[in-house]
Amino acid sequence: MTSEVISPSLIPTLPGHTYVDEDIFRAEQEQIFEKMWFCAVLSADLAKPGSYKTVQVGRESVLINRTRKGEVRAFFNICRHRGVKLCMEEAGVAGRSFQCPYHAWTYDFEGKLIAAPNLTKMPDIDRQEYGLAKVAVREFMGYVWVCLADEPPSFEHDVMGAIEERLGDLKAIEGYDIAHLSLGRRIRYDVKANWKLIIENFMECYHCATIHPELTEVLPEFADGLAAQYFVGHGAEFGEDIKGFTVDGSEGLERITGIDDDQDRRYYAITIKPTVFVNLVPDHVIIHRMFPLAADHTIVECDWLYLPSVVESGQDLTASVELFDRVNRQDFDACERCQPSMGSRIYAKGGVLVPSEHHIAAFHDWVTSRISGEDVPSSR
């Protein structure tokens, strides 16, 4: 979509049907979720050999596990014999292997076919060729990222590049040392809204003064309607009397040791397309991962990460977690209020973006380019 100018102040959004049409959602599954790097699992959730998680990526179930060598592998969660879903549970620990519940075809943690009834009588079967179908995998920032594409795009461009584009320098995130933070809290949100509505909401702050009283108390500049993501390298500054990124502005927790002084008392937000939000504050990092399941249904898993010493000591995280938990619930309620109207004839041509939201148009252009098969704009 080329952003048509309605007036100097207003430019159009995507048409309403793009948020409800199942054919469009199917195209997004195929051209976006199944072809890009997808942040799937917190690495620490695969704590020991045999640990596994199953994750829905687009239309596919993906099995991610840790091998006996401590490495991470990912496979399509499908038995190569008759197509049965290999692991039905969302998470678990396999003893020695993965075994199909239908005909007992058995695979090791590297995906190799190692056993099956009467397999020795079929010496012509190539156990590697009939092993589990592999999925490309990378570990970054303490998470496992997967890509279902036969030829995955550049991880450095799509993932690391998105951070560099937002912060101005990839090194700006290194001090947070996210890979070595510990999980303090995880909340899973079941949102009855299209994934694009959630991203659009996260990218702008025109709504902040209306629905986020706690957030604008901590970050007063958000009340003016300009999100941190509107500016490259900008972190929203805490209010003068605010001591920490907490629901009541009270003292936070132990500051992450590696961040620069100019990053202290500031909040940074990053969108890594297609489905990840990264929120940076001095004493913790909040990671949102979206799992779009239908045109009007998205699961959002949110992790609060702290210094290991903070988590291990059992410090009270309530005031810290509650601030963004409230923000999340306020945002998702707004998205759910929008979703029913997306199919209305009144919204057939879509809505409009005011100047502080104009940067969202680049996201709309990107989505349209991806599902139409056109060249994707260089802007991430």
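In segment 249-264, which residues are surrounded by fewer than 21 Cβ atoms within 10 Å (Cβ to Cβ) and either within 16 Å of Phe222 (Cα to Cα) or touching a helix residue (DSSP H, G or I) at 6+ places or on another chain (Cβ under 6 Å) (or both)? Once the filter is applied, which keeps residues that are surrounded by fewer than 21 Cβ atoms within 10 Å (Cβ to Cβ) and either within 16 Å of Phe222 (Cα to Cα) or touching a helix residue (DSSP H, G or I) at 6+ places or on another chain (Cβ under 6 Å) (or both), segment 249-264 yields Gly249, Ser250, Glu254.
Which residue, of Lys48, Lys85, Lys35, is open to solvent by 40 Å² or more (accessible area, probe 1.4 Å), of a type outside the set (S, T, N, Q) and under 19 Å from the mean Cα position of the chain (by Cα)?
Going through Lys48, Lys85, Lys35 in turn, the sole match is Lys35.
The residue of segment 319-341 that is least open to solvent (accessible area, probe 1.4 Å), among those that are touching a residue at least 12 places away in the same chain (Cβ under 8 Å) and over 23 Å from the mean Cα position of the chain (by Cα), is Ala319. Taken over segment 191-206, the criterion of being open to solvent by less than 30 Å² (accessible area, probe 1.4 Å) and either assigned to a loop (DSSP other than H, G, I, E, B) or not hydrophobic (A, V, I, L, M, F, W, C) (or both) is satisfied by Ala193, Asn194, Lys196, Glu200, Asn201, Glu204, Cys205. Among the residues making up segment 50-84, those that are in contact with a Ser or Thr (Cβ under 6 Å, 6 or more places away or on another chain) and either free of Cβ contacts under 8 Å to residues at least 60 places away in the same chain or not in a strand (DSSP E or B) (or both) are Thr54, Ser61, Arg66, Asn77.
Residues satisfying the criterion are present in segment 34-44 (criterion: in contact (Cβ under 8 Å) with a residue 60 or more places away in the chain, part of a loop (DSSP other than H, G, I, E, B) and not hydrophobic (A, V, I, L, M, F, W, C)). Of the listed requirements (1) surrounded by 15 or more Cβ atoms within 10 Å (Cβ to Cβ); (2) not in a helix (DSSP H, G or I), Arg166 misses just one: (2). Looking only at residues of segment 223-239 that are within 26 Å of the chain's Cα centre (by Cα) and more than 15 Å from Met203 (Cα to Cα), we find that the one that is least open to solvent (accessible area, probe 1.4 Å) is Phe238. Identify, please: which residue in segment 88-126 is of a type in the set (Gly, Ala, Ser) and in a loop (DSSP other than H, G, I, E, B) and is, among those, most open to solvent (accessible area, probe 1.4 Å)? Within segment 88-126, the match that is most open to solvent (accessible area, probe 1.4 Å) is Gly95. If you check Ile242, Ile211, Ile286 for being open to solvent by less than 10 Å² (accessible area, probe 1.4 Å) and touching a residue at least 12 places away in the same chain (Cβ under 8 Å), only one passes: Ile286.
The values are calculated or read from the model by the stated rules, or taken from the named source; none is laboratory data. No experiment lies behind these values; they were computed from the predicted model shown. Virtual Cβ from ideal backbone geometry, glycine too; neighbours counted across all protein chains shown. The accessibility values were calculated without ligands, DNA or RNA, using every heavy atom of the protein model including side chains. Shrake-Rupley method; radii C 1.70, N 1.55, O 1.52, S 1.80 Å.
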